[in-house]
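Have a look at the structure below, then the notes.
The values are calculated or read from the model by the stated rules, or taken from the named source; none is laboratory data. None of the values given here were measured: they were computed from a predicted structure. With ideal geometry, Cβ positions are generated from the backbone for all residues, glycine too; neighbour counts draw on all protein chains shown.
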């Protein structure tokens, strides 16, 4: 389903109050690698459009079992070479031995990557339960530990690397789940315990799975803080304009799309009105999490920038004079 081009949507009044420049919310986006990084004009158009918003970082997904290993690395490499963006490379434990993961990490580090999103990963398609590789890593916390160990070993064997690491420290992000991980069947309490384990292993911050009500995020943060989680938790959100994309996200994550949202979009008279309603819904959600103390927002873009930029306009986050790390 196509969306109106940027500029065709009536701009909405900001849904969240402005903050002082020194305390602007962080802004970040998720991208996925196209099949051919050097022959994907739409993806690169999106990269350039998102770069103009001066985000704190962009994350680049990494398919289960490493199926996008080559294209993920190629996209990250091009972002490093040709843009001002800071890429975060996704890593998963699925179907990969510890040695293979170490090799992949080394490849990214050699490219100049200094930030990773460490994920256990969901069960492969068709598998009923998640099983680690016989010689692999059982949890995201173990992956965080491996990342820290690889970095320490590189610094110990190379004084030059040790200096560079002081100037640009390794950053490790992890996932959080506002209402439990529906794909694996875990509860919020179990995921908070896993988040504690990741923190102890050396995680710097977390990004949540998609959700559709502010309380899901705010309750997660409140319970996590009571349990001892101190790292920042960034809400992961969608620009909720496309019903087909929402249902696809539900299929991938197991997070149900509210029936009220689908009805709101479905009852619109035309595509422009549906887009406007979706942006307003997402803007209200952004306002709710930011007013509740969220450090910023992370937008899942599906490699499309139009709706994401309209959402940023609606919450007055398009122009950010003082980019900073989360």
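One residue is enough: does the stretch 239-252 have a residue meeting the conditions buried (at least 17 other Cβ atoms within 10 Å of the Cβ), touching a helix residue (DSSP H, G or I) at 6+ places or on another chain (Cβ under 8 Å) and under 13 Å from residue 176 (Cα atoms)? Break it down into steps so the answer makes sense when it comes.
Step one: of the stretch 239-252, the residues buried (at least 17 other Cβ atoms within 10 Å of the Cβ) are 239-243, 245-246, 249.
Right, trim to touching a helix residue (DSSP H, G or I) at 6+ places or on another chain (Cβ under 8 Å) and you get 239-243, 246.
From what is left, the residues that are under 13 Å from residue 176 (Cα atoms) are none.
No, because not a single residue in the stretch 239-252 is buried (at least 17 other Cβ atoms within 10 Å of the Cβ), touching a helix residue (DSSP H, G or I) at 6+ places or on another chain (Cβ under 8 Å) and under 13 Å from residue 176 (Cα atoms).
Residues in the stretch 210-226 that are crowded, with 20+ Cβ neighbours inside 10 Å and either at pLDDT below 95 or over 18 Å from residue 298 (Cα atoms) (or both): 224 alone.
Restricting to the stretch 65-119, name every residue that is in a helix (DSSP H, G or I) and within 21 Å of residue 199 (Cα to Cα). Before you say what the answer is, go through the steps one by one.
So in the stretch 65-119, the residues in a helix (DSSP H, G or I) come out as 65-66, 69-82, 98-111.
Scanning the stretch 65-119 gives 98, 101, 102, 105.
On the stretch given as the stretch 44-70, residues that are surrounded by fewer than 20 Cβ atoms within 10 Å (Cβ to Cβ) and modelled with pLDDT under 90 total 7. Each residue in the stretch 171-190 was checked for being assigned to a loop (DSSP other than H, G, I, E, B) and either on the phi > 0 side of the Ramachandran plot or surrounded by 19 or more Cβ atoms within 10 Å (Cβ to Cβ) (or both), and 6 pass. The set of residues from the stretch 191-209 being in a helix (DSSP H, G or I) and touching a residue at least 40 places away in the same chain (Cβ under 8 Å) comprises 194, 197, 198, 200, 201. Just one residue in the set 290, 252 is under 15 Å from residue 236 (Cβ atoms) and touching a strand residue (DSSP E or B) at 6+ places or on another chain (Cβ under 9 Å); that residue is 290.
Collect the residues in the stretch 156-170 that are assigned to a loop (DSSP other than H, G, I, E, B) and either touching a strand residue (DSSP E or B) at 6+ places or on another chain (Cβ under 6 Å) or under 15 Å from residue 111 (Cβ atoms) (or both), keeping them in residue-number order. I'd like the intermediate steps shown before the answer.
Residues of the stretch 156-170 that are assigned to a loop (DSSP other than H, G, I, E, B), as a first pass: 158, 168-170.
Once the filter is applied, which keeps residues that are assigned to a loop (DSSP other than H, G, I, E, B) and either touching a strand residue (DSSP E or B) at 6+ places or on another chain (Cβ under 6 Å) or under 15 Å from residue 111 (Cβ atoms) (or both), the stretch 156-170 yields 168, 170.
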